[in-house]
1. Working carefully through the options 107, 97, find the one that is touching a Leu at 6+ places or on another chain (Cβ under 8 Å), part of a loop (DSSP other than H, G, I, E, B) and at pLDDT 95 or above.
2. When you scan the stretch 211-218, do you find a residue that is under 30 Å from residue 13 (Cα atoms) and not β-branched (Val, Ile, Thr), even just one?
3. Can residue 149 be described as outside any loop (DSSP other than H, G, I, E, B), modelled with pLDDT of 95 or more and surrounded by fewer than 20 Cβ atoms within 10 Å (Cβ to Cβ)?
4. List the number of the failed condition for residue 166; all other conditions in (1) in contact with a helix residue (DSSP H, G or I) (Cβ under 8 Å, 6 or more places away or on another chain); (2) in a loop (DSSP other than H, G, I, E, B); (3) under 23 Å from residue 213 (Cα atoms) hold.
5. For the stretch 5-41, give me each residue that is on the phi < 0 side of the Ramachandran plot, part of a loop (DSSP other than H, G, I, E, B) and within 18 Å of the chain's Cα centre (by Cα).
6. Return yes or no: is residue 72 under 22 Å from the mean Cα position of the chain (by Cα), part of a strand (DSSP E or B) and in the same structural domain as residue 41 (by TED's automatic domain parsing)?
7. Working carefully through the options 102, 127, 112, 49, find the one that is touching a strand residue (DSSP E or B) at 6+ places or on another chain (Cβ under 7 Å), outside any strand (DSSP E or B) and free of Cβ contacts under 8 Å to residues at least 60 places away in the same chain.
8. Out of 47, 38, 53, report the one residue that is in contact with a Phe, Trp or Tyr (Cβ under 8 Å, 6 or more places away or on another chain) and aliphatic (A, V, I, L, M).
Amino acid sequence: MQAPVVTFLSDYGLADEFVGICHGVIARICPQARVIDITHGVARHDIRAGALIMRDALAYVPLGVHLAVVDPGVGSSRGAVALRAADGRVLVGPDNGLLSPAAELAGGVAEAVDLAESPFCLQPVSATFHGRDVFAPVAAHLASGAPLAQAGAALDLERLVALELPGPRREDGTLIAHAVHVDRYGNVQLDVAHDQLDGSGLMLGCQVDLALGSGESHRARYVRTFAEVASDGLLVYEDASRKLAVAVRHGDAASLLGLAVDDELRIRPA
């Protein structure tokens, strides 16, 4: 039999012991589990970034239990949940919208339980480290084969918190997109998927105008790879998740353009 898989994403970073302790909790409960760390470099408390990273990673990891902890509301009234998606994946984490894009990609939520009184929690439950005391042990028990129904009381699916994301639109031949994520290179992912480019007028190799909310504009090229522009050249491309993105070859597009998450960018052929 294949070892059960637990994927793990958080904003804990690696400077402290938090990730290692969660690994230890999982290993004590389900020593046969294979834990795959997606990232622990999510910006502190950035629920949206964690949600988008988790969603985009899901297609490349085996079905299993998917643990995510970006939890600025730890110790508050926010919920703690485990979800079974339509494709069989189980997602564990805070009910703050972090899990919703991944669950949607996996076919939607088929079943959900509340972990507030889960028998799988470590006791006593810390008010500030639910990754250790709630989410990691629940994930480990589910990976070991425990039924989801044993992890907590059933939840009404309509009450789960969904992450609100902006969407692109078109106005007078202009594609209006929004920055949804900035990676460590300064590349800016936009909320435009491959199938939303139809009718945009964007053609590989063409020049495009990028207009910021401030009214400032920049000229870029729409290309397939970074190598198709000169060093320090501004480009628009489809990233590895087939989302439209803006980058500077050997540079930082977010800094150059002054773009932050939620900022609007107007794109049209030059």
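1. Of the residues listed, the single one that is touching a Leu at 6+ places or on another chain (Cβ under 8 Å), part of a loop (DSSP other than H, G, I, E, B) and at pLDDT 95 or above is 97.
2. There is no residue in the stretch 211-218 that is under 30 Å from residue 13 (Cα atoms) and not β-branched (Val, Ile, Thr).
3. Working: outside any loop (DSSP other than H, G, I, E, B): yes; modelled with pLDDT of 95 or more: yes; surrounded by fewer than 20 Cβ atoms within 10 Å (Cβ to Cβ): yes.
Criteria met by residue 149.
4. (1)
5. If the condition is that a residue be on the phi < 0 side of the Ramachandran plot, part of a loop (DSSP other than H, G, I, E, B) and within 18 Å of the chain's Cα centre (by Cα), then 11, 12, 40, 41 are the ones that fit.
6. Values: under 22 Å from the mean Cα position of the chain (by Cα): yes; part of a strand (DSSP E or B): no; in the same structural domain as residue 41 (by TED's automatic domain parsing): yes.
Spelling it out, it is not the case that residue 72 is under 22 Å from the mean Cα position of the chain (by Cα), part of a strand (DSSP E or B) and in the same structural domain as residue 41 (by TED's automatic domain parsing).
7. Details: 127 fails: touching a strand residue (DSSP E or B) at 6+ places or on another chain (Cβ under 7 Å); 112 fails: outside any strand (DSSP E or B); 49 fails: free of Cβ contacts under 8 Å to residues at least 60 places away in the same chain.
It is 102.
8. Numbers: 47 fails: in contact with a Phe, Trp or Tyr (Cβ under 8 Å, 6 or more places away or on another chain); 53 fails: in contact with a Phe, Trp or Tyr (Cβ under 8 Å, 6 or more places away or on another chain).
The unique qualifying residue is 38.
The values are calculated or read from the model by the stated rules, or taken from the named source; none is laboratory data. Keep in mind it's a predicted model, so treat the numbers as computed, not measured. For neighbour counting, all protein chains shown are included, and Cβ atoms are generated from backbone atoms with ideal geometry for every residue, glycine included.
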